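Each remark here refers to the structure printed beneath this line.
Readers should treat all values here as calculations from the given coordinates under stated rules, not as data from a laboratory. As the structure is a computational prediction, the values presented were derived from the model and not from experiment. FYI the Cβ positions are ideal-geometry reconstructions off the backbone, even for glycines, and counts take in every protein chain you see.
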Amino acid sequence: MGLWPYWLGFVLCSVGVLYGGSRLSRHADVIAERTGLGRVWVGVALMGTITSLPELATGLSSVLVFDAPDIAAGDVLGSCMANLLILVLLDALCKGPLLAQVHTGHVLTGAFGVLLLGVVLASVFVGPRQAALGWMSPSSLLVLLLYFLAMRALFFYEQRAMAALKRLKLYPEQSLREAVRGYVLNALVVVAAATALPYLGKTLAEATGLGQTFMGSIFIAVSTSLPELVVSLAALRLQALDLAVGNLLGSNLFNMGILAVDDFFYFQGPLMSAIEQGHVLTALTAMMMTAVVITGITYRAQQKRRPLAWDSMSLLMLYLVNMLALYALRG
């Protein structure tokens with residue numbers, strides 16, 4: 001029969017994640033508008049959380065059902081890189097440098113992202129040598145603590161700095177009840193599609209020899225980042241650049257929380273001790289890409305002489321180098 005049924009299933013699941021995730025994000029935006037949370041907070045926290053639902057479903061099914069810890073870790077860390085790669089596409093479609101046009105408050109989100117990635121990187125690097133806290137890695141508790149502290153700090157910062165954007169109304173025709181109903185239905189679609197991805201990814205990794213680390217960090221990570229892509233493109237069409245960038249950086253913060261949750265449900269021992277050392281490279285690349293974003297927002301280049309600004313070119317090069325390195329280290 002060959003591998004084509006598995007590749008077909010992988011594509012169909014990715015389409016399911018794309019369809020459900022994009023509609024889920026819209027309904028969540030309506031909920032935020034009707035409840036008065038505002039789009040700045042939505043972009044940084046709520047939208048980032050919601051568009052990371054595929055990573056959550058994929059990670060939990062990886063550790064609970066399919067015993068594929070490298071798929072779980074690769075999906076989360078690879079999604080962080082894939083989310084930042086979306087900024088390259090947005091920059092190519094945007095007039096002028098993208099990062100020079102967004103609010104400097106996103107630097108705070110990026111800084112927290114670097115901090116959380118650093119904790120994860122150190123834990124993966126230590127690996128089996130680290131002490132276990134029950135069946136978990138102590139770093140997972142630290143990640144969760146830092147995540148909630150980041151959300152609290154970002155909420156109060158954005159409330160002070162960008163409260164004016166909360167007055168923007170985009171969905172006058174949809175009620176809160178309709179939005180909640182649509183949210184629940186599309187969440188089920190996303191969970192169902194994303195749950196099957198670890199099985200398909202693990203099977204393809206073994207059959208093709210690509211390895212779980214490469215498969216999770218590249219193929220599955222890209223498929224579970226499709227909702228972020230759809231949301232960001234929609235925000236770009238609305239000229240809501242802060243929503244787009246906040247969604248991507250906020251999603252990366254939530255991804256670190258997902259890795260801690262995966263560790264909690266991986267009962268065979270600390271997740272960070274069970275995964276391959278190749279994930280250190282992915283975490284380091286994600287940190288470097290986030291640092292480039294912070295630099296681009298702070299430097300605020302006035303023009304771009306090519307289709308891409310210098311920061312977007314740097315993001316693209318880092319992603320490609322990481323992909324080639326993971327392929328060379330596959331196993």
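Derived scalar couplings between HN and Hα for segment 94-107 equal 9, 7, x, x, 4, 5, 6, 9, 9, 5, 5, x, 5, 4 Hz in order, rounded to whole Hz, by the Karplus curve 6.51 cos²θ - 1.76 cosθ + 1.60 (θ = phi - 60°), x for Gly and Pro. With the highest mean first, a sort of the peptides 242-253, 4-15, 290-301 on other beta-carbon atoms found within 10 angstrom per residue produces 242-253, 290-301, 4-15. Distance between the pseudo-spin-label points of residue 64 and residue 189 (7 Å out from Cα toward the beta carbon): 2.3 nm.
Packing, taken as the mean count of other beta carbons within 10 Å per residue, orders the peptides 90-98, 310-318 from highest to lowest as 310-318, 90-98.
Taking amide H atoms as placed 1.01 Å from N in the peptide plane, the amide H of residue 52 has no partner under 5 Å among residues 5 or more positions away or on other chains. Rounded to whole numbers, the Karplus 3J(HN,Hα) couplings from phi for segment 308-322 are 10, 6, 4, 5, 5, 4, 5, 4, 5, 5, 5, 5, 5, 4, 4 Hz, using 6.51 cos²θ - 1.76 cosθ + 1.60 with θ = phi - 60°, and x at Gly and Pro.
In order along segment 282-296, phi translates into HN-Hα couplings of 5, 5, 5, 5, 4, 5, 5, 5, 5, 4, 5, 4, 4, 5, x Hz, rounded to whole numbers, per the Karplus curve 6.51 cos²θ - 1.76 cosθ + 1.60 with θ = phi - 60° and x for Gly and Pro.
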